[in-house]
Amino acid sequence: MRNLNLNFLILGIFDIVRDLSLEQFFSVLIKVIRVYPWLFLIIGVLYCFFGKEIFDKINFIIGGVFGLGLAFEVLYLLPRVFIQILILLIAFLTAGFIAFLAPYLLAGFVGFMFGVGLLNPLYMDLALVLGVIFAAIAILLFYFFLPMSTALVGSIIVGEVFLLWTGSTVFLLATIVVLFIIGSMFQILELSSAVTEEFTSEG
């Protein structure tokens with residue numbers, strides 16, 4: 001039974017990584033939560049209060065797992081165990097690094113296209129400069145709103161666990177709202193205190 005649950009968890013993780021649909025993401029996530037509620041309760045709380053700190057690490061791990069999944073597809077073509085291990089390691093690190101950069105690159109790309117679109121094709125040179133400026137702004141805004149977005153994801157995970165245990169939609173919504181507010185405030189205060197300490201130490 002445990003092996004079946006573990007296989008379901010692994011398959012669920014791969015489904016989450018592959019599927020870009022938000023509806024499918026939450027559908028698969030809820031199914032996996034029902035198999036390991038205590039595990040996801042801990043993950044949800046960590047994401048709610050320390051999401052900004054673990055966001056990059058989680059992305060790296062998920063990307064690395066996805067890279068391993070792709071590498072396993074070609075391992076049978078490689079005769080030597082050493083080469084197989086090397087390919088797995090390279091696939092994990094490469095895919096993890098791409099997943100680590102992906103959210104920031106996506107935010108920067110959206111900002112860049114928005115900035116270019118404001119002046120293009122009238123002033124192409126200025127449009128490119130404006131695109132770079134908006135790309136930087138978009139990345140900064142993404143980083144600024146990261147505490148709130150991770151707090152929301154964490155509160156939803158915890159809320160789904162409580163929904164599984166209690167069956168109460170009201171309790172689900174109350175949990176999401178309360179944890180989102182508390183988690184966002186906690187992370188923002190942590191971020192502001194860290195920035196203040198950095199400026200103080202530099203001064």
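Structure notes:
- Selection within region 63-100 - open to solvent by 60 Å² or more (accessible area, probe 1.4 Å) and either touching a Cys at 6+ places or on another chain (Cβ under 9 Å) or under 30 Å from Ser193 (Cβ atoms) (or both): Phe97, Phe100
- Members of region 101-130 found to be part of a loop (DSSP other than H, G, I, E, B) and open to solvent by less than 40 Å² (accessible area, probe 1.4 Å), listed by number: none
- Test: residue in region 135-147 that is more than 24 Å from Gly183 (Cα to Cα) and either crowded, with 20+ Cβ neighbours inside 10 Å or aromatic (Phe, Trp, Tyr) (or both): yes
- The set of residues in region 34-53 that are aliphatic (A, V, I, L, M) and surrounded by fewer than 16 Cβ atoms within 10 Å (Cβ to Cβ) comprises Val35, Leu39, Ile42.
The values are calculated or read from the model by the stated rules, or taken from the named source; none is laboratory data. Please read all numbers here as calculations on a predicted model, not as lab measurements. A quick note on method: Cβ atoms are made from the backbone with ideal geometry, for glycine too, and the neighbour counts reach across all protein chains shown. When the accessible area is computed, the model is the full protein with side chains, heavy atoms only, and any ligands, DNA or RNA have been set aside. Shrake-Rupley method; radii C 1.70, N 1.55, O 1.52, S 1.80 Å.
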